[in-house]
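The values are calculated or read from the model by the stated rules, or taken from the named source; none is laboratory data. What you see is a predicted model; the values in this text were computed from it and never measured. Positions of Cβ are backbone-derived with ideal geometry, glycine not excepted, and every protein chain shown enters the neighbour counts. Just so you know, the surface numbers come from the protein's heavy atoms only, side chains and all, with ligands and any DNA or RNA stripped out. Shrake-Rupley method; radii C 1.70, N 1.55, O 1.52, S 1.80 Å.
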Amino acid sequence: MFPDFSSRQFTHIHLMFTSIQNLYQKYCNRRWKRWLVFTVGGVFLFWGFLQLPGINGWFSSFFQGTTDSSLQLVEPTFGTFVHEVTVRGDISSSSNVDIKCNVRSAGGTMLLSVVEEGTTVKAGDLLAVLDSSTLIDNKVTQEISCSKSLAEYATAENTLQTAIIAKKEYEEGKYLLSLQQLESAKIAAEEEQSRLAEYLEHSKKLYQKGFITKLQLDADEFALEQAQLDLDAAQLEIKVLKDYTHQKELIGYDSDIKTAEANKLAKERAYKLDMDKLKDIEDQITSCRILAPADGKVIYVNETRGPAGSEFIVYEGAMVRERQTFLRLPDPNKLQVIADVHEGKINYIKAGMPASVRTDATAGRDIRGTVIKVNELPQPTNFWMGNVKEYRVTIKIDPEEGVLPGMTADTRILVERQNDVLMIPTHTVFEHGGKYYTIVPTGKKWAARELELGSSNDKMVIVKSGVQQGEKILAAAFQHRDLIDLPELQPGQTATADIRPAVDSQFTTLDSQTVEDAQKEEMEMRRQAMIRRNPRGQRPDGEGGPSAPPSGERPRPPEGGPPPGGEGAPPPPGGAGGPPPGGGGMGGPPPGGGGGPR
C-alpha cells in the first residue's frame, strides 16, 4: 500500500530531520519557541516529504483511485497535416564556368596572384597568375634541343641528296663511260684479230714457197689465237657490265637512298617532336596567366577532403593541382541548392516535390524551389562520418535578389500536406501485436482504444478512426501500457512505440520540362543501379530485407509490404520513436515520466 523508498529518498528524509534537530537545539530554550520550531519544522518536513519522487503520485492515487494526476492528457487536433524533411545545403549555380589549372606539374603549381572573391569581371580580364619560372627554364633547354635536332635533320637531308646524285651519276656517267671503253676495246680486238688472220694467210703462202721458217709460221698462228682470246674477253666484259655490274650498282645506290630517306624521316620527326614540345611549353607558360572566358562574379572553390581533413583554400601561395577547379564564374539566374539527406529520410523525397528555401540574405522570406534530382548512390564517406550514408538532392530555386552562390540554405521539402484531418501526437500511440492503440480515461480507470492511422511525421499522426475530436488520450502511452488490458501477444508478435503507417499521398509532377527530364533520368539511374548492385535480389551486405534506419529516424515501409518491426522484429530498446524524456506539452511525455518500456 505504501510506496517503496529508495536509498536516495531515505537520505533526503534524514537530512530534513537533522535540520529540524539542529534548529531545536539552537533555539528551543523557551517553551513558546519550542512550539514555534515544532510547527515550522513539521510543515517543512511534510512539504519536503510530498516533494519526494513518487510520493505525490502515490497520495493522489490513494485518494483518487487509479487515475494518476501526474499522467498528462492531450486532445486530438483537427487541422492541416504537414510532413516536411528539413535539410541544410549550399546554394550553387546550375550553369557554371569552371576555371581550372591547365599547367602540368607533379606537385602542383604555386598561385602567385588571384583576384578577390566576389569581384565582377569581364571576358578577357586577368583572374590569376601561376608560377612559370620552371617552365621558362625548360623552354631555354628545349630551344637548345630544337637547334641540335634541326642540324641533324639538315645533315640527313644532305645525305639523301648526295645518294640520289650518286645514283644519277652512275647511270648517266660512269656506266656509259665503262660501256664505251669496253666497246672500244672490243673493236680494237676485232681489228687486231682480222689483221693477224690475214697476216697468217700471207705467212702460210710464204712458208709454202720457202721464204719463212716453220717457227715463224707457228708464231703467226699463236698471235692470231691471242687476238681471238682478247676479242672474246672484250665481249665478255661488255656482257658482265650490262647484265650484272650495272644491276648491282643500281641496287647499292637505291639502298643508300632508302637509308638516307629513313634517316631523314627520323631526324625530321625528332625535330618536329622537339618543336611540339617547345610549343607545348610556350602554351603552358601562356596558361599561367588565366583570363576570364566570360563575364561573371568570381567565386573561390575551396574544398575539404580526406580522413585527415586535408583542405584546399584559395590564396596567394597555394599549390594548385593540374585540372583542379579553383575559381568559378556562376550564372546568378540559374540557382540551385545542393543538400545531403540522411539515408533514413531519403525514401520520402522524390523528384518534383515542392520545397521552400530560406537564407540569412532573404530576411525570413521563403524562396520557392522544386526537387529536380535525387541521387541513387550515396555520397563518398570519410573517416569522421563512419557508416552514415547520405544521398545528394538537387533543388532548383527561383532567382532572388541578394541570394548568391556559396550561401548556406535551410531547405524544407514538402513530402505531404493534407487539410482538415484529425491528428494526435505520435507518443500517444503504440503498436501491439500488429495493431495500433491509444489509452483513454474511463472514469477512474484507463482503457485501450484501437486506432486506424494514416500518414505521420516526427510529431503528429493522422487518425482515420478510433478517437474523436475533444476526447482525452494519455500521453506517453507506450510507457504506461501496463495501466490497461491488452490482448496476449502471439509468438512472433511484438509491442513497440514506433508508428509505421504507409504514406498515402500522391504528388503531381510539375509541368517544368527540367523536372520531367530529371525524373526520367532518375528512374533510369535507379534501374541501372539496382541491376548493378542487386542482380539476384539480395542486399549488397548479403542479408535479406531492407537496411534498418539509424536510431531516432522513422523508417518508411516499402510499398505493399508489412510495416518494419512487424512479425519477427524485436522492439527497439528504450522505446525508440517515443517522445523524449522530460518534454512537456503536446509533443512530450509528462514530467517525471520514464524514458523506456517497462
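Here are some notes:
- Modelled spin labels at Glu183 and Asp98, positioned 7 Å past Cα toward Cβ, are 8.0 nm from each other.
- Working from label points 7 Å from Cα in the Cα-to-Cβ sense, the Lys350 to Asn419 distance is 2.1 nm.
- Cα gyration tensor shape of the stretch 346-399, rounded if a/c is under 1.5, else prolate or oblate by comparing a/b with b/c: oblate
- Accessible surface of Phe478 - all protein chains present, 1.4 Å probe, nearest 10 Å²: 10
- Förster radius 60 Å - calculated FRET efficiency between Leu291 and Lys472, Cβ distance, rounded to 0.05: 0.25
- Using R0 = 45 Å, the C-beta based FRET efficiency linking Gln228 and Thr162 works out to 0.50.
- Each of Thr77 and Ser147 was given a label point 7 Å from its Cα along the Cα-to-Cβ line. The distance between the two points is 8.6 nm.
- Paramagnetic label zone (point 7 Å from Cα along Cα-to-C-beta, Ala106; backbone N under 20 Å) in the stretch 322-349: 322-324
- Look at the Cα gyration tensor of the stretch 321-376: its axes a ≥ b ≥ c give a/c of at least 1.5 with a/b at or below b/c, and that counts as oblate.
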